[in-house]
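Q: Please see the structure below; I have some questions.
The values are calculated or read from the model by the stated rules, or taken from the named source; none is laboratory data. Fair warning: this is a prediction, and the values are worked out from it, not measured in the lab. No Cβ is skipped: glycine too gets one built from the backbone with ideal geometry, and neighbour counts run over all protein chains shown.
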Amino acid sequence: MPVAIYLLGAAIFAQGTSELILSGLLTDIASDLNITIPQAGLLTSGFAVGMAIGAPILAVLTLRWDRRKTLLALLAAFTAAHILGALAPTYELLLLTRFAGAFAYAGFWAVASVTAITMAGPQARGKAMSIVAGGLTIATVVGVPAGTVIGQHFGWRAAFWTVAALTALSALGVAKTVPSQKSTPEDRPRLRTELRTFAGGRIWIAYVATAMSSGAVMATFTYLGALLTGVTDIPTTWVPAVLVLFGLGSLLGITLGGRFADAHPFATLYTGFGGVIAAAVLLFTGATNPTLTLIASFLLAVSGFATNPAVNVLVFSLANNAPTLAGATNITAFNVGITLAPWASGLLIGAHLGLPTITWISATLATIGLTATLTSQSLHHRYDRPAKDTVTAHETQTDGTGDKPRLPAGI
C-alpha cells in the first residue's frame, strides 16, 4: 500500500481530533466565553453542518483541480480556521471558524478518499479506505483524550493550537508523497459525467446503507457516558476508560472491515449490521450489568465500524468512472446518520422512556441497513453478468442507466 495513503490517514487523524475534541472542552469554552453549555454544544452542531454540506460543494468546485494541490489547499484552510479559532475573542467568531474548518475537512475527506482508492487500485479499495478512515478511529483512542488533557492543563485554546500544528505537519507529508495528476484538461473529471452516477437508483440505496452504518453506532455512542453513570452505575472516573475500550473496538472493526470488504462487501455488511443489532439487544437487556454493558459496547464498536470500508467499496464500485462527487455525497450520507441518529435517541430520552431505549434506535437503523444491503445485493445479481457463478471485481455491465458500475463479487 503506498505510503501516501497512510499519510492521508494521518491528516484525517489531525482533523478528526478536532471533530471529536469538544466533548472534553465544552465546560472550559463556556466559562471562558461566558456562554451556556447548550450554546457551547452548538459548536459541535456547527461542525456537523459544515461537514454535511462541505463535501459535495467542494467536490464540484475542485472537480478539475489537481488533487495534490486541492488536498494542500484544504489542509491550509483547516489550519487557518483553527488558528483563528484559538484566537477568537467571541463565541460567534468561534462558531464561524468551526463551520469553516468542518467545511474544509469535509472537502479533504472527499478528495482524500478518491485519491486513496485511485492509488490503491480496484482490488484494494476497502483496505485503502480503512487506512484513511482509521485516522479517525485513532483520533478517538488517542487524539481526543490527549487533547482533553492539554485543554485541562493549558486551556482549550492550546488544544486548538495543537490541532493546527498537527494539521500543518500532516500537510508536509501529503506534499511530499501524494503525486500530482499527470493529465490533460480533456482527461480530467467532468461534472456531467459525475452527475450521471446519480441517475440510477442503486447509488442511493448504497447511501442509505452508509447513513445507517454511522447512525446505528452514534444513536447509542452519543449517550453512552450518560448510560454508564446513570443506569449501569459505573463511577464517573471510569467512563474515559470505557470510551477508550470503545475506541479500540472501533479500530479493530475498521481493520477487519478493511481486510474483508474488497472481496466480500455484502457479507461484511450483513455481519456488521447483524452485530450492531445483537449488541443493541444485549445492551438493552443488560444495561444494569457492568460486564454485559462493557461487552455490548465493545461489540457495538467492532460491528459498527466494520461496515465503514464495505459501504465505501459499494459506493465507489457503483461510481467507478466518476468517483469524486459520488464519494463526496457519501461523506454527506455519513454525516446525515451522525446528525439524525442522536436526535432520534434524544426523542426517546425526552419522552422519559429511559436511557436504555437508545438501543432501539441503533437496532432499527441497523435493520434498515440490512434491508438496504439485501436490496443492493439483489440488484447486483440482477444487473451484473455472472461468470462461473461469481462476478469478479473487474467485470461490469450496464444497469439500464447508461453507467457501467464495477461491482465486487459480494459474498
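Q: If you go through region 209-232, how many residues are surrounded by fewer than 22 Cβ atoms within 10 Å (Cβ to Cβ) and either under 19 Å from THR375 (Cβ atoms) or not assigned by TED's automatic domain parsing to the domain that holds ASN289 (or both)?
A: 0
Q: Considering only region 286-295, state which residues are surrounded by 20 or more Cβ atoms within 10 Å (Cβ to Cβ) and among the β-branched types (Val, Ile, Thr).
A: Residue satisfying the conditions is THR293 alone.
Q: I would also like to ask the following. Across region 331-386, what is the number of residues that are surrounded by fewer than 18 Cβ atoms within 10 Å (Cβ to Cβ), at negative phi and not in a helix (DSSP H, G or I)?
A: Total satisfying the criteria: 4.
Q: Just the residues that are under 19 Å from THR36 (Cβ atoms) and either surrounded by fewer than 24 Cβ atoms within 10 Å (Cβ to Cβ) or in contact with a Lys or Arg (Cβ under 8 Å, 6 or more places away or on another chain) (or both), please, taken from region 95-111.
A: Passing the criteria: LEU95, LEU96.
Q: Taking LEU283, is it over 16 Å from the mean Cα position of the chain (by Cα) and buried (at least 23 other Cβ atoms within 10 Å of the Cβ)?
A: Considered against the rule, which asks whether it is over 16 Å from the mean Cα position of the chain (by Cα) and buried (at least 23 other Cβ atoms within 10 Å of the Cβ), LEU283 comes out as yes.
Q: Among the numbered criteria (1) more than 16 Å from THR162 (Cβ to Cβ); (2) more than 17 Å from the chain's Cα centre (by Cα); (3) buried (at least 18 other Cβ atoms within 10 Å of the Cβ), which single criterion is violated by ASP32?
A: ASP32 satisfies every listed condition except (3).
Q: Now a separate question. Working only within region 264-274, note down all residues that are farther than 22 Å from ALA116 by Cβ and either more than 21 Å from the chain's Cα centre (by Cα) or surrounded by fewer than 21 Cβ atoms within 10 Å (Cβ to Cβ) (or both).
A: Result: ALA267, TYR270, THR271, GLY274.
Q: Starting from region 1-12, take each residue that is farther than 14 Å from ARG125 by Cβ and list its partners that are charged (D, E, K, R), counting only C-beta distances under 9 angstrom and pairs at least six apart or across chains.
A: Pairs found: ALA4/LYS176; LEU7/LYS176.
Q: Where the second residue is aromatic (Phe, Trp, Tyr) and the first is within 21 Å of LEU353 (Cα to Cα) and lies in region 287-312, which pairs have Cβ atoms under 7 Å and are six or more apart or on separate chains?
A: Qualifying pairs under 7 Å: SER297/PHE246.
Q: If you don't mind, another one. Among the residues of region 1-28, which ones are surrounded by fewer than 21 Cβ atoms within 10 Å (Cβ to Cβ) and touching a Phe, Trp or Tyr at 6+ places or on another chain (Cβ under 6 Å)?
A: Hit for region 1-28 is ASP28, nothing else.
Q: Which members of region 252-263 meet the condition of being surrounded by fewer than 21 Cβ atoms within 10 Å (Cβ to Cβ), assigned to a helix (DSSP H, G or I) and among the aliphatic types (A, V, I, L, M)?
A: LEU252, LEU256
Q: Anything in region 60-119 that is within 18 Å of the chain's Cα centre (by Cα) and free of Cβ contacts under 8 Å to residues at least 12 places away in the same chain? List them, or say none.
A: Once the filter is applied, which keeps residues that are within 18 Å of the chain's Cα centre (by Cα) and free of Cβ contacts under 8 Å to residues at least 12 places away in the same chain, region 60-119 yields nothing.
Q: Still on this model: Given (1) within 25 Å of VAL302 (Cα to Cα); (2) free of Cβ contacts under 8 Å to residues at least 24 places away in the same chain, where does GLY126 come up short, assuming only one miss?
A: (2)
Each row is one residue, and each column tells you yes or no for (1) in contact with a Pro (Cβ under 9 Å, 6 or more places away or on another chain); (2) assigned by TED's automatic domain parsing to the domain that holds LYS127; (3) of a type in the set (Lys, Arg).
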{"residue": "VAL49", "(1), (2), (3)": "no, yes, no"}
{"residue": "ALA52", "(1), (2), (3)": "no, yes, no"}
{"residue": "ALA55", "(1), (2), (3)": "no, yes, no"}
{"residue": "ARG64", "(1), (2), (3)": "yes, yes, yes"}
{"residue": "LYS69", "(1), (2), (3)": "no, yes, yes"}
{"residue": "LEU72", "(1), (2), (3)": "no, yes, no"}
{"residue": "ILE83", "(1), (2), (3)": "no, yes, no"}
{"residue": "ALA88", "(1), (2), (3)": "no, yes, no"}
{"residue": "TYR105", "(1), (2), (3)": "no, yes, no"}
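Q: If you don't mind, another one. Out of the residues in region 353-385 that are under 21 Å from the mean Cα position of the chain (by Cα) and under 21 Å from ASP233 (Cβ atoms), which is modelled with the highest pLDDT?
A: THR359
Q: Inside region 1-27, can you point out the residues that are in contact with a Gly (Cβ under 6 Å, 6 or more places away or on another chain) and at pLDDT below 85?
A: Listed by number, the residues that qualify are ILE21, LEU25.
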